[in-house]
């Protein structure tokens with residue numbers, strides 16, 4: 001991967017909730033078109049780190065650069081204002097574990113909300129874009145359905161289309177298959193795989209080890225608020241070096257009932 | 001057995017309709033004003049800074065924790081003495097009823113807003129929407145669905161509460177009833193008629209409430 005042309009660089013990110021120091025200086029650089037998965041036990045800080053990347057959480061300290069957006073955090077630094085935050089988030093898509101679709105709007109209206117409201121796109125144009133994106137995630141026939149009429153997998157695919165509608169530079173996926181029934185996981189992963197093949201820059205927090213190994217260029221293992229190991233996906237998952245990562249993967253394989261491949 | 005004689009009310013129907021008109025007028029105006037006050041207060045209570053939300057909490061609690069009749073009498077008799085401004089019974093009633101309704105609506109709005117999952121705010125933020133727009137387009141429409149039953153309930157109570165304005169001689173339905181009773185010596189017929197009229201106005205409102213609740217919830 002081309003590390004000289006990073007689209008995203010997070011440097012030394014610290015974050016605490018009250019007295020609980022969740023992130024202790026996490027750094028990550030991602031090249032354009034790269035797919036990076038973050039794995040680790042719950043409480044390791046991976047979701048918090050992801051949420052720091054579109055500033056749903058504000059780091060206490062550190063630096064963040066995404067595309068043309070630059071932020072510095074720490075004592076004496078002014079917190080980013082709401083306009084700056086909104087501008088950053090136009091360029092960084094996020095998909096949530098619990099979908100967070102707008103229940104009072106149809107699938108299509110969920111998708112076009114961003115383009116119409118934030119980018120002032122004409123409604124007709126947005127609808128065309130929305131229908132294209134719904135088709136892309138395999139839901140062309142669900143445009144007029146309300147979220148309550150959709151399965152979990154379908155909801156998540158609408159949520160992905162909603163994020164893509166902003167034409168983001170980077171997509172963040174926060175455990176997007178964790179709330180799904182097992183038989184619905186693959187349809188969502190297929191959409192993500194498809195995005196990867198199109199060269200979308202993505203950061204995924206996931207518990208799907210096989211998928212992470214398969215779709216990612218790099219995998220990072222987070223433990224106790226630090227990036228304990230990061231490297232090529234194959235190396236990290238098949239031949240882990242860090243003792244904590246070895247223990248984590250063993251636990252994972254025991255629970256999943258699969259031997260280390 | 002009491003011999004009912006509703007025909008005795010015949011000369012007074014004009015007064016009764018007039019009283020009903022006043023009751024409905026007071027209800028409509030104070031509900032609209034109360035909603036405006038309640039929405040603003042509810043929003044500021046949930047999202048405003050502390051120096052705004054704490055005094056507003058004071059307002060809400062004062063009006064929720066004292067009887068409306070006491071408020072009405074106090075605003076009509078005591079307040080003019082304190083601020084040295086004469087207030088007509090009409091003004092005092094509109095003011096008190098609106099503030100009273102506002103305090104209850106504020107809590108309904110606040111409850112509705114807070115019932116909406118934080119994930120809805122985050123989903124709006126994640127596509128670059130600003131807070132005000134998320135509130136208007138995402139949170140408020142959902143909150144209103146949650147609020148419809150309490151809102152209708154509060155409005156029904158408000159219409160019944162307007163009967164208290166009769167104590168300061170505002171000519172609402174109940175006040176005209178007492179006038180007619182004094183003239184006709186037919187309290188049973190008069191108050192039965194009045195009760196039926198209140199019911200006839202309010203019962204359809206509950207039916208509309210049920211329908212709205214079903215329709216708004218249809219896509220849930």
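The values are calculated or read from the model by the stated rules, or taken from the named source; none is laboratory data. Predicted model only: the values in this text are computed from it and were never measured. Heads up, the Cβs are rebuilt from the backbone with ideal geometry, glycines too, and the neighbour counts pull from every protein chain shown.
Just to verify a result, which residue in the stretch A:174-195, among those that are outside any helix (DSSP H, G or I) and away from every other protein chain (no Cβ under 12 Å), is surrounded by the most Cβ atoms within 10 Å (Cβ to Cβ)? Lay out the reasoning, then the answer.
Of the stretch A:174-195, the ones outside any helix (DSSP H, G or I) are A:174-181.
When the remaining residues are screened for being away from every other protein chain (no Cβ under 12 Å), the result is A:175-178, A:180-181.
Numbers: A:175: 20, A:176: 27, A:177: 24, A:178: 14, A:180: 20, A:181: 10.
Only one residue fits best here, namely A:176.
Filter the stretch A:128-138 for residues that are free of Cβ contacts under 8 Å to residues at least 24 places away in the same chain and under 12 Å from residue A:161 (Cα atoms) and give the result. Before the answer, list the steps.
As a first pass, look at the stretch A:128-138 and keep what is free of Cβ contacts under 8 Å to residues at least 24 places away in the same chain: A:128, A:131-132, A:135.
If the condition is that a residue be free of Cβ contacts under 8 Å to residues at least 24 places away in the same chain and under 12 Å from residue A:161 (Cα atoms), then A:131, A:132, A:135 are the ones that fit.
Restricting the stretch A:116-140 to residues that are within 14 Å of another protein chain (Cβ to nearest Cβ) and part of a loop (DSSP other than H, G, I, E, B), which is nearest to residue A:180 (Cα to Cα)?
A:118
Out of the residues in the stretch A:141-160 that are within 12 Å of another protein chain (Cβ to nearest Cβ) and in a loop (DSSP other than H, G, I, E, B), which is farthest from residue A:176 (Cα to Cα)?
Residue satisfying both the conditions and the ranking: A:144.
Has the stretch A:61-68 got at least one residue that is at pLDDT below 95 and over 17 Å from the mean Cα position of the chain (by Cα)?
Yes, there is a match, as at least one residue in the stretch A:61-68 is at pLDDT below 95 and over 17 Å from the mean Cα position of the chain (by Cα).
For a quick check of your reading: which strands (runs of 3 or more DSSP E) sit entirely within the stretch A:34-115 and have at least 1 residues that are crowded, with 21+ Cβ neighbours inside 10 Å and facing chain B (nearest Cβ under 8 Å)?
Details: elements: A:35-39, A:61-66, A:69-73, A:92-95.
Qualifying strands (runs of 3 or more DSSP E): A:92-95.
Quick check: anything in the stretch B:96-110 loosely packed, with under 13 Cβ neighbours inside 10 Å and either away from chain A (no Cβ under 14 Å) or within 30 Å of residue A:117 (Cα to Cα) (or both)? If you could, list the steps in order and put the result at the bottom.
Residues of the stretch B:96-110 loosely packed, with under 13 Cβ neighbours inside 10 Å: none.
No, there is no match, as no residue in the stretch B:96-110 is loosely packed, with under 13 Cβ neighbours inside 10 Å and either away from chain A (no Cβ under 14 Å) or within 30 Å of residue A:117 (Cα to Cα) (or both).
How about the stretch A:21-43: which of its residues are modelled with pLDDT of 95 or more, out of contact with any helix residue (DSSP H, G or I) (no Cβ under 8 Å at 6 or more places or on another chain) and farther than 17 Å from residue A:196 by Cα?
Across the stretch A:21-43, the qualifying residues are A:21, A:24, A:25, A:27, A:29.
Matching residues to (1) farther than 22 Å from residue B:206 by Cα; (2) within 14 Å of chain A (Cβ to nearest Cβ); (3) without any contact (Cβ under 8 Å) to a residue 40 or more places away in the chain:
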residue	(1), (2), (3)
B:127	yes, yes, yes
B:130	yes, yes, yes
B:161	no, no, no
B:169	yes, no, no
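Among the listed residues A:31, A:83, identify the single one that is closer than 22 Å to residue A:163 by Cα and in contact with a strand residue (DSSP E or B) (Cβ under 7 Å, 6 or more places away or on another chain). Explain how you work it out, then say what you get.
Details: A:83 fails: in contact with a strand residue (DSSP E or B) (Cβ under 7 Å, 6 or more places away or on another chain).
Checking each option against the conditions leaves just A:31.
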